[in-house]
Amino acid sequence: MKKSSKKFFVPIITLLFFALTLTACSGGSGTSRFTVTFNSDGGTAVASQTLLAGATASMPAEPVKYGAPLPEEAGLYPGVLGYYDFIEWRYSGVPFDFDTPILANITLTAHWTAPINPGRIELAINDIDGAIVHVRNNADAGEFTLLISEDINTSSNFFNIANMRLTIIGIGGERTIQIVDQTPGSMFTIDAENTSLTLGNNITLMRQTDAVVPLIGIQNGNLTLRDGSKITGINMVSYTFFSVILVDGENASFSMSGGTITGNHVYGMSQLGGLELQKVYSSGAVHIRGGAAFTMSGGSITGNTRFGVNAQDPEAEAMDLLIGSSSESRFSHTGGTIGSHSFIPD
């Protein structure tokens, strides 16, 4: 009996070892696992995903892919890299649906648009001979980014934005665009369908001389302020409802996810060139009216004043935002800081 039981002991242990090994390789329950590998095609690395058979992959964060550095003759700032626009993940050349069950090891490859590197363009405005412009959307020449590498002193009517989506960013440090003459006119006018202006990082808008019209006027289109943008130092004469930023009309909108509007002042006059002051009921910074929309999720509108000839005048009082009655239902404040504000009839 002892001799017989000894013959079977080693084979039984061997079978148990193989059974445990197979179970571990199949995930412990007999279910296979497969790996989804992401090939970013020259972009930043994306981690692979190992999944149980039949599960679906999670769409990863978009990779980033840069082009070649710009040559010296490209414009104001040759160190900027062009970059590709990520379109989608593809499997065997076909757009991949992330609701597809994974039943084998697969590799997904990033699909990109070819980059249009920033290039020199003639803006034909004041003393600016050219600037770096980065076209983000190959199919839409109206969408581009203006990269400012030095401070700009300009006259009014710096840019009448029509049928374009323009983003302005300072590079190499904080950059200021400032009106320095007394020509009556806005720095930016946004008044056309499918038109927008976005102020991005390191951009400050200022005005050296007193103004009689808004720095930015929006009647048809959208203005957006993001982190790192700033509007300050505006001293403005208003004998109507004008403010530093005027958003007026049902087709006009203003959104803030960041940025700062501070240190601006609006005062009233009975007539242009007159000395008699009157209280003109406008905001020291932002006025939303005529059914326009205002959405704020970040940034701050504080430290702006109205009345009196300047912020130090005893007549001056804080007023950062006015919202007309027809725009009240289109006002959304989910984040950021608003100082003094009021709702008034249009």
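For T337, the amide hydrogen comes within under 5 Å of the amide hydrogens of G299, S300, I301, counting only partners 5 or more places away or on other chains and with H modelled in the peptide plane.
Computed extension gain for T35 through S342, at 0.36 nm per residue and net of the alpha carbon distance, reaches 104.8 nm.
Sorting 172-178, 290-296, 47-53 by their mean Cβ neighbour count within 10 Å, with the most densely packed peptide first, gives 290-296, 172-178, 47-53.
For S238, the amide hydrogen comes within under 5 Å of the amide hydrogens of Y267, G268, M269, counting only partners 5 or more places away or on other chains and with H modelled in the peptide plane.
Of the peptides 35-45, 211-221, how do they stack up when ordered by the mean number of other Cβ atoms within 10 Å, highest first?
211-221, 35-45
Spacing of the modelled spin labels on Q312 and H333, each 7 Å from Cα toward Cβ, amounts to 3.1 nm. Amide H contacts of S255: L223, T224, L225, T295, each under 5 Å away and 5 or more positions distant or on a separate chain (H built 1.01 Å from N in the peptide plane; Pro and chain starts excluded).
The numbers here are math on the coordinates, done by the rules we state, and not lab data. This is a predicted model, so every value here is computed, not measured. Positions of Cβ are generated from backbone atoms using ideal geometry, with glycine treated the same way; all protein chains shown enter the neighbour counts.
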